[in-house]
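What follows is a short report on a single structure.
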Amino acid sequence: MRRWKQRRQVRPEPASWKHGLWPARSVERFVVSFPKSGRTWLRVMMAVAEAGARGEAPEWVVEEWLGSEAPRLNGAPVLFTHGLSVPADEPAAGMSLFLAYIGDRRRLFLVRDPRDTVVSHYFQETTRRRRRVLPRSTSLGSFLRRADYGIERILLFNRACGGSLRDDPGPAMLLAYEDLHRDAMGSLRSVLDFLEAAPVGDDVLRSAVEYGRFENMQRLEREATYDEANKRLVARHRDDVESYKTRRGEVGGYRDYLSADEIAYVEERIAALQPPELGYLEPGVPPSVSAREVSTRS
């Protein structure tokens, strides 16, 4: 949960980099993650903190933030992005090019254990997505072996993030989903400081963490509180918890879903592809503090 300080240099922008999903150069702050890494949870807590800074009702600002791809924090947009990792037909190289394109700007990388991520992503694609490409009958075992959706897609995205942290010049911070579980208030304070939010007191941070509790998030989703504003926090099938955005919120829950053979396959892929600086070479072990702190280089 420490900032990465990188040397100042800007990569060239050849015409071939143009892409319909790339953000305007005027956007200077980003939250980058693979799907199902805790981004909506973090977004809601940040929104409540922003409401405290503005002196507005949390419900109003949460609605605003859930309805916008780039909500305003302290007056300037923060773009929440999956960095081209979602389109199944997007070449893996596109993820690195996207991150290089925003590499001179302020970026928060949110990461999660790939073992848990792939299970949550499976339910996202087979039970939540409105325009479903994969049939709900798709097995988890076949899903995690698919190059366009499964564990390799996650790991290639992680490699792209690791390369951006190592090589790109802009201010960057690495935050683990597991850190949010361990110390939500401390993690949130670090995120707000890094993304240049307006200062708020501990009482506001406590309110934000309380609002973002799993039970409250799942209640909001079940009751479809923000249904009119957006579709991010709405249960697809209210009697099926696996269709919820706030599905289980656990660390290590993948063991309840994967067979021994499937776990062995996932472990083999992680050993081959996961960048060490992003952690998770061992189950449940996020990036270490030392791996998240890099001195300025000339």
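Odds and ends about this structure:
- Positions within the stretch 23-53 being within 17 Å of the chain's Cα centre (by Cα), surrounded by fewer than 23 Cβ atoms within 10 Å (Cβ to Cβ) and part of a helix (DSSP H, G or I), in sequence order: ARG39, THR40, TRP41, ARG43
- On the stretch given as the stretch 185-204, residues that are surrounded by 13 or more Cβ atoms within 10 Å (Cβ to Cβ), over 18 Å from PHE80 (Cβ atoms) and of a type outside the set (Lys, Arg) total 5.
- Count of the stretch 195-216 residues, restricted to those that are out of contact with any strand residue (DSSP E or B) (no Cβ under 9 Å at 6 or more places or on another chain) and assigned to a loop (DSSP other than H, G, I, E, B), is 5.
- Against the list (1) in contact with a Gly (Cβ under 7 Å, 6 or more places away or on another chain); (2) of a type in the set (A, V, I, L, M); (3) surrounded by fewer than 19 Cβ atoms within 10 Å (Cβ to Cβ), the condition LEU134 fails is (1).
- The single condition among (1) assigned to a helix (DSSP H, G or I); (2) at pLDDT below 95 that LEU192 does not satisfy is (2).
- Scanning the stretch 157-178 for residues that are part of a helix (DSSP H, G or I) and surrounded by fewer than 19 Cβ atoms within 10 Å (Cβ to Cβ) turns up ARG159, GLY163, ARG166, ASP167.
- Residue ID - farthest from LEU192 (Cα to Cα), chosen from residues in the stretch 140-156 that are aliphatic (A, V, I, L, M) and crowded, with 22+ Cβ neighbours inside 10 Å: LEU144
- For the stretch 30-81, the tally of residues that are at pLDDT 95 or above and acidic (Asp, Glu) stands at 2.
- Out of THR225, THR246, sole residue that is farther than 19 Å from SER120 by Cβ, modelled with pLDDT under 80 and outside any helix (DSSP H, G or I): THR225
- Candidates TYR149, TYR122, filtered to the one that is under 26 Å from GLU282 (Cβ atoms), under 19 Å from the mean Cα position of the chain (by Cα) and part of a loop (DSSP other than H, G, I, E, B): TYR149
Rundown of residues vs (1) modelled with pLDDT of 95 or more; (2) within 20 Å of VAL78 (Cβ to Cβ), yes/no style:
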| site | (1), (2) |
| --- | --- |
| GLU125 | no, no |
| LEU140 | no, no |
| ASP148 | no, no |
| LEU165 | no, yes |
| ARG182 | no, no |
| ASP203 | yes, no |
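- For the stretch 96-111, the condition of being under 16 Å from TYR254 (Cβ atoms), outside any loop (DSSP other than H, G, I, E, B) and at pLDDT 95 or above holds for at least one residue.
- Residues in the stretch 205-222 that are at pLDDT below 95 and surrounded by fewer than 18 Cβ atoms within 10 Å (Cβ to Cβ): GLU210, ARG213, PHE214, GLU215, ASN216, ARG219, ARG222.
- Residues (in a loop (DSSP other than H, G, I, E, B) and under 16 Å from the mean Cα position of the chain (by Cα)) located in the stretch 68-89: SER68, GLU69, ALA70, PRO71, VAL78, HIS82, GLY83, LEU84, SER85, VAL86, PRO87
- Pairs are defined by a Cβ separation below 8 Å, a sequence spacing of at least 6 or placement on different chains, a first member in the stretch 267-283 that is under 20 Å from LEU165 (Cβ atoms) and among the aliphatic types (A, V, I, L, M), and a second member that is in a loop (DSSP other than H, G, I, E, B) and modelled with pLDDT of 95 or more; the pairs so defined are ILE270/TYR280; ILE270/LEU281; LEU281/GLN274.
The values are calculated or read from the model by the stated rules, or taken from the named source; none is laboratory data. Keep in mind it's a predicted model, so treat the numbers as computed, not measured. Cβ sites come from the backbone with ideal geometry, for glycine too, and all protein chains shown count toward neighbours.
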